[in-house]
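Just so it is clear, none of the values below were taken in a lab; they were calculated from the coordinates. Keep in mind it's a predicted model, so treat the numbers as computed, not measured. Don't worry about glycine lacking a Cβ; one is built from the backbone with ideal geometry, like all the others, and counts go over all protein chains shown.
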Amino acid sequence: MTVYAIIGGTGLTQLEGLQLRADELLDTPYGAPSAAVQRGEYGGREVLFLARHGQPHRIAPHQVNYRANLWALQQAGAEAILAVNAVGGVHPAMGSGHFCVPHQLIDYSWGREHTFFAGELEHVTHIDFSHPYDADLRQRLIAALATEQCAYSSHGVYGCTQGPRLETVAEIARLERDGCDIVGMTGMPEAALARELGLPYACLALVVNPAAGKSAALISMAEIEAALAAGIDTVKSVLARVLAG
Ligand code: HPA
């Protein structure tokens, strides 16, 4: 049976209901991961869990050691990755509380350690990244969402910005012209690093605010936190269903 790892984003620093069996703070050639990799049982199945921003939440999106995180999860035995990401809604259909399982992404982030293929290499490897998300894992997430009482989109383009600030109205208008449906700060380089390691990867995105210029109001942390609190139970039950399936 495939060993899944869940990478929890903002609002999911603990996987409540995880029957913890071990907690391993692994060191990697790339430094320390954001937190200990938790190993336990969830949805009746062995699972690994890692809090992307640390436990408690303290690491900004551009400072997450994505390489160490992915490396540590693979060392711990992960064979597939389910990433949870809080995002802003760009497309009008992506209101707060909406879920999206993106099928594509555009990377606007910069200056992050984004590859394992650096330094002295015998061969430079150019991974295929035409389809950044794993088709089978995506279908599992979509099937689980279909059993929930929630609005969701089974496709979407994720735009990854640098953060930690939110975007300007013009930046979001540009992302929209580029075809982005949702915007977040943590989708990359995580997805590409998983591909470099040969780990199937998919993203469960929860919209926690309309992106800049997409509502009359300015974006507040209170609004984001309220949307996270409202959506997190669905996130957990979708994950449990995927694991049980
Ligand atoms: N922009 C970028 N990242 C985000 C947003 C946003 O509006 N909301 C949550 N993560």
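Quick look at the numbers
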item	result
Top-ranked residue in the stretch 209-244 [being aliphatic (A, V, I, L, M) and free of Cβ contacts under 8 Å to residues at least 12 places away in the same chain; ranked as farthest from the ligand (Cβ to nearest atom)]	ALA216
Every residue from the stretch 166-208 that is basic (Lys, Arg) and either touching a residue at least 12 places away in the same chain (Cβ under 8 Å) or near the ligand (Cβ under 9 Å from one of its atoms) (or both)	ARG195
